[in-house]
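Following: one structure in structure tokens, then a few remarks.
The values are calculated or read from the model by the stated rules, or taken from the named source; none is laboratory data. Just so it is clear, the model here is predicted, and its values are computed rather than measured. When we count neighbours, we look across all protein chains shown, and the Cβ atoms used for this are built from the backbone with ideal geometry, even at glycine. Surface areas here come from the heavy atoms of the whole protein model, side chains and all, with no ligands, DNA or RNA. Shrake-Rupley method; radii C 1.70, N 1.55, O 1.52, S 1.80 Å.
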Amino acid sequence: MNKKLTSILLSTAISCCLLNSTTVYAQSSTEEISVSPKISIDNNIDDKIPNQMVRITRQPLKQDKVIADKNTQNIVLADKNATEKTKELMAYLKDIAKQDKVIFGHQNDIFNRVTPNMLNPEEKNKLQADHNSPLEISSVQEGMNSNFTKSNVKEITGSISGIFGIDSLALTGSELYIKNSQQALQKSIDLSIKAANDGALITLSTHMPNFGSKNIKKLSDGTYDFSNCDFMDCKNLSGSAKDILPGGKNNGAFNAYIDIIANYALQLQEKNIPVIFRPFHENNGNWFWWGGDNISPKDSIELYKYMIDRLQSRGVHNFIYVYSPNGPINNEQEYMSRYPGDDYVDILAVDYYDDYNTSPAKYREDFFTQLNSSCLLLNKIAKEHNKLPAIAETGVRVMKKDLSSNDGLLISDNPIAGHNWFKRVSQIAINNDMPYYLVWANFSPYNCYIPYKYNDNYGHELINEFIDFYNWDKSIFATETNFY
């Protein structure tokens, strides 16, 4: 079967499965929006397109801006000195939660991006053998550095995501591949302001290093350099909470790290940009030093309070605070076991991934069943505490053929293809009064959570589903938020 026929058949099969795929919604016009410039590949030579890419058969449609109430009269936040704009954001989110809509978020949306040539050299032979791929070779690091303010979401839809996620790993340089601490912080600030100017809400998460890590450098002036710390430093499970609380040997490093977050926040506060702040996420799991068996619930709560108190003492009043254990949520007692209290939290959330741990993976429904039951319970808990519920982090992780890892979507043969994953997660969020959810970052073709374009005519096998999701009258992207 030739390339064109294969692509057409696959695209047709996917389109037949899509919910409401042929409907033009009331909020959408028939005017097509312009997308990003073409990637420099010969679009006319189909036999050079990798077999795994499908023809793009959908077009993004111009979307109307949402209308949401931002009246702050009845808004009470954990930070009693929160700025008016921060209160407006909470009012806005609460009103979105009452509507039949959801805001789509994407981590690192405007600075991590999959491009056709982003392959690791050591994977060249294997990928070409497995996928018959003509993709050119370049390092992931070079791809990252060249992609600032570029977005896979925008290339596909014409808009960046409705929520731009950034992590403290960017603030200290690791995720930006910047070794100078001040430059990394300033770049993170600039990127966040850029995303807000494009309409996106901002959320900050914290993959903090173990503060006893040898990768932390104390400088001669008494300051600390975290630029050598990466994701693996938060998986260093040594030490205890007492080491970083007042009187502990690593308290100075912990304070310095909190102050970096404060400096980031204060710069955005000057621009009247609020931030949805999610520290110590997945604190019920054993994979980070701040979670599970590595730290007691009492110490976990004390660390959370200590960080928030220090941020506010520094003048940070543009944060909406999120408490987000890992899912599924089995019962209220377990979920609330590390809850720092209503005076420290505004949003009760959950991190929950759709994991396929075997290969080849076959589609299953259990994730949606468990996500829905978790969100039902979370919504109930949130109402009892007068908080807002949300899905703070999610995505699909499929085991690779060589069983090496399941770091997001595969290049092809994803079990969720044709099953409207983005729409179904959205509908669960909507049904449970959740105004937003966020999927993780697109680091490379082997570690990504949304589809991407190969060129103007071809893309990842989920690309048409994603365009339909964008065109759906229930999804909200940056050009539609209408918040600022």
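For residues in the range 212-242 being over 22 Å from the mean Cα position of the chain (by Cα) and not in a loop (DSSP other than H, G, I, E, B), which is surrounded by the fewest Cβ atoms within 10 Å (Cβ to Cβ)?
LYS218
From the residues in the range 283-325 that are under 20 Å from ASP243 (Cβ atoms) and among the basic types (Lys, Arg), which one is surrounded by the fewest Cβ atoms within 10 Å (Cβ to Cβ)?
Filtering the range 283-325 for residues that are under 20 Å from ASP243 (Cβ atoms) and among the basic types (Lys, Arg), the one surrounded by the fewest Cβ atoms within 10 Å (Cβ to Cβ) comes out as LYS298.
Keeping to the range 274-294, report how many residues are more than 21 Å from ASP230 (Cα to Cα) and outside any helix (DSSP H, G or I).
4
Quick one: count up the residues across the range 54-66 that are crowded, with 19+ Cβ neighbours inside 10 Å and in a loop (DSSP other than H, G, I, E, B).
Residues that pass the stated criteria total 3.
In the range 175-196, which residues are at pLDDT 95 or above and hydroxyl-bearing (Ser, Thr, Tyr)?
Correct list: SER188, SER192.
Does the range 189-198 contain at least one residue that is of a type in the set (A, V, I, L, M, F, W, C), open to solvent by 10 Å² or more (accessible area, probe 1.4 Å), in a helix (DSSP H, G or I) and out of contact with any helix residue (DSSP H, G or I) (no Cβ under 6 Å at 6 or more places or on another chain)?
yes
Are any of the residues in the range 393-404 at pLDDT 95 or above, over 25 Å from PRO116 (Cα atoms), in a strand (DSSP E or B) and out of contact with any helix residue (DSSP H, G or I) (no Cβ under 9 Å at 6 or more places or on another chain)?
Within the range 393-404, one or more residues are at pLDDT 95 or above, over 25 Å from PRO116 (Cα atoms), in a strand (DSSP E or B) and out of contact with any helix residue (DSSP H, G or I) (no Cβ under 9 Å at 6 or more places or on another chain).
Taking the range 331-360, which residues are crowded, with 19+ Cβ neighbours inside 10 Å and aliphatic (A, V, I, L, M)?
Of everything in the range 331-360, those that are crowded, with 19+ Cβ neighbours inside 10 Å and aliphatic (A, V, I, L, M) turn out to be VAL345, ILE347, LEU348, ALA349, VAL350.
Every residue in the range 315-365 that is among the β-branched types (Val, Ile, Thr) and under 13 Å from HIS281 (Cβ atoms), please.
VAL322, VAL345, ILE347, VAL350
With respect to LYS98, is the statement that it is out of contact with any strand residue (DSSP E or B) (no Cβ under 8 Å at 6 or more places or on another chain) and modelled with pLDDT under 95 true?
Here the answer is no, as LYS98 does not meet what is asked.
Considering the range 243-273 alone, what residues qualify as being closer than 18 Å to ALA196 by Cβ, open to solvent by less than 20 Å² (accessible area, probe 1.4 Å) and outside any helix (DSSP H, G or I)?
ILE273
Considering only the range 421-452, state which residues are modelled with pLDDT under 95 and either touching a strand residue (DSSP E or B) at 6+ places or on another chain (Cβ under 8 Å) or small (Gly, Ala, Ser) (or both).
SER444, PRO445
Taking the range 87-116 on its own, how many of its residues are under 19 Å from the mean Cα position of the chain (by Cα), acidic (Asp, Glu) and open to solvent by 10 Å² or more (accessible area, probe 1.4 Å)?
0
Does SER404 satisfy being free of Cβ contacts under 8 Å to residues at least 24 places away in the same chain, farther than 21 Å from TRP472 by Cα, open to solvent by 10 Å² or more (accessible area, probe 1.4 Å) and of a type in the set (Gly, Ala, Ser)?
Answer is yes for this residue.
Considering only the range 212-262, state which residues are among the β-branched types (Val, Ile, Thr) and more than 18 Å from TYR304 (Cβ to Cβ).
Correct list: ILE216, THR223.
Identify, by number, the condition in (1) assigned to a loop (DSSP other than H, G, I, E, B); (2) open to solvent by 20 Å² or more (accessible area, probe 1.4 Å); (3) at pLDDT 95 or above that PRO209 doesn't meet.
(2)
For residues that are open to solvent by 100 Å² or more (accessible area, probe 1.4 Å) and of a type in the set (S, T, N, Q), tally how many sit in the range 67-83.
So the count comes out to 3.
Please go through the range 430-484 and pick out each residue that is more than 16 Å from the chain's Cα centre (by Cα) and open to solvent by 20 Å² or more (accessible area, probe 1.4 Å).
Selection gives ASN431, ASP433, TYR446, LYS453, ASP456, ASN457, ASP473, LYS474, THR479, ASN482, TYR484.
Residue check: is LEU204 closer than 30 Å to PRO60 by Cα, open to solvent by less than 10 Å² (accessible area, probe 1.4 Å) and part of a helix (DSSP H, G or I)?
So LEU204 does not fit the description; no.
Being over 28 Å from VAL425 (Cα atoms) and either β-branched (Val, Ile, Thr) or modelled with pLDDT of 95 or more (or both), is that true of even one residue in the range 144-164?
Scanning the range 144-164, I find no residue that is over 28 Å from VAL425 (Cα atoms) and either β-branched (Val, Ile, Thr) or modelled with pLDDT of 95 or more (or both), so the answer is no.
List, please: which pairs have Cβ atoms under 7 Å, are six or more places apart or on different chains, and start with a residue in the range 83-110 that is on the phi < 0 side of the Ramachandran plot and end with one that is at pLDDT below 95?
ILE110/THR149; ILE110/LYS150
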